Ligand code: APR
């Protein structure tokens, strides 16, 4: 909680996603924001904070941003979103970021443990499922207070392509993407509908297969276009949806990486599944009945996640 009684949002990493997170948090009046980055990026976070605070008058936003390089300012955050870490460059997989981003996560998670051990912490840094695993271990957070953002974004990408293919409103597309945040994530076509009509009745199989492929490679498509980094608007909006559900106790059911303890036959790993997020953090993990081919796809995705996580030495 901020001293003025508003909720406090700690953003760790003030780069592309961090800056957009700060803007969205202010525009949605979620609370006061602390935008933290390393000393080398002091000007960046102080500049972004000043720029956003100056924008507040235009539409009358009451929340403020503080740019800082001092972890003490992050203390007391209700929610923390981590985007500290290197983004991909063309030709790189998310796993290629493991070594460098694990070093950064070790620093960040240690500081969370010291300065903000009671926050609900959402990780966005890649490789997502391994980074959230490391975060949980190093920071010593209770399992319900840590989650990884990937499923909301992957699902949103899938919905975007479905709406585009049908020329329909994106609002009526209901879909779910499960599994790891990698090229073998699992869009659950059988569970997807548009205005209640099963997706399989609306889009031919070959077109649907192309949509699934584009969803799986959605991050790489943007890396290829941007060339200097990876997606930022979509990831920021997706993490804010999770933070908002926590801060306002909305109890939304969103796909996110949560610690599984036997669900889906997985034990001791973070993996993308539907979770309920409310004031208690990850309040529930929902189990979806899968058929044999969906189970096989999910297992393939899990094996990829497991391979990366098992290579993490803490
Ligand atoms: N503590 C805090 N911030 C750090 C640290 C650290 N130890 N190390 C690096 N940073 C900061 C950088 O200074 C930079 O400002 O993290 C920020 C990352 O910003 P960008 O390079 O713009 O990356 P962004 O596009 O925001 O993506 C961040 O999220 O989606 C993932 O793959 C992406 O891992 C990447 C992360």
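Throughout, read-outs are computed from the coordinates displayed, never taken from laboratory work. Keep in mind that what you see is a predicted model, and the values were worked out from it rather than measured. For neighbour counting, all protein chains shown are included, and Cβ atoms are generated from backbone atoms with ideal geometry for every residue, glycine included.
Below is a table of values for the structure above.
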{"item": "Inter-centroid distance (Cα atoms) of the stretch 242-307 relative to the stretch 205-219, Å", "result": "22 Å"}
{"item": "Sorted by Cβ density within 10 Å, fewest first, the residues 131, 86, 242, 145", "result": "86, 145, 242, 131"}
{"item": "Crossing angle, helix 292-310 versus the chain [Cα axis fit, 0-90 degrees, rounded to tens]", "result": "40 degrees"}
{"item": "Inter-part distance where the stretch 101-121 and the stretch 10-87 are each reduced to a Cα centre, Å", "result": "17 Å"}
{"item": "226, 36 arranged by Cβ crowding within 10 Å, fewest neighbours leading", "result": "226, 36"}
{"item": "Helical contribution to [θ] at 222 nm, DSSP H n ≥ 4, -39,500 (n - 2.57), averaged over the chain, rounded to 500", "result": "-13500 deg cm²/dmol"}
{"item": "C-alpha long axis of helix 151-166 to longest principal axis of the chain, angle in °", "result": "50 degrees"}
{"item": "Length-normalised contact order for the stretch 8-148 - Cα pairs under 8 Å, 6+ apart - percent", "result": "23 percent"}
{"item": "Tilt relative to the chain, helix 128-139 - C-alpha long axis, 0 to 90 degrees, to 10", "result": "40 degrees"}
{"item": "Proxy reagent accessibility, fewest Cβ within 10 Å first, across 173, 288, 132, 45", "result": "288, 173, 45, 132"}
{"item": "Kirkwood-type radius of the stretch 8-148, with distances r between different C-alpha atoms, in Å", "result": "15.1 Å"}
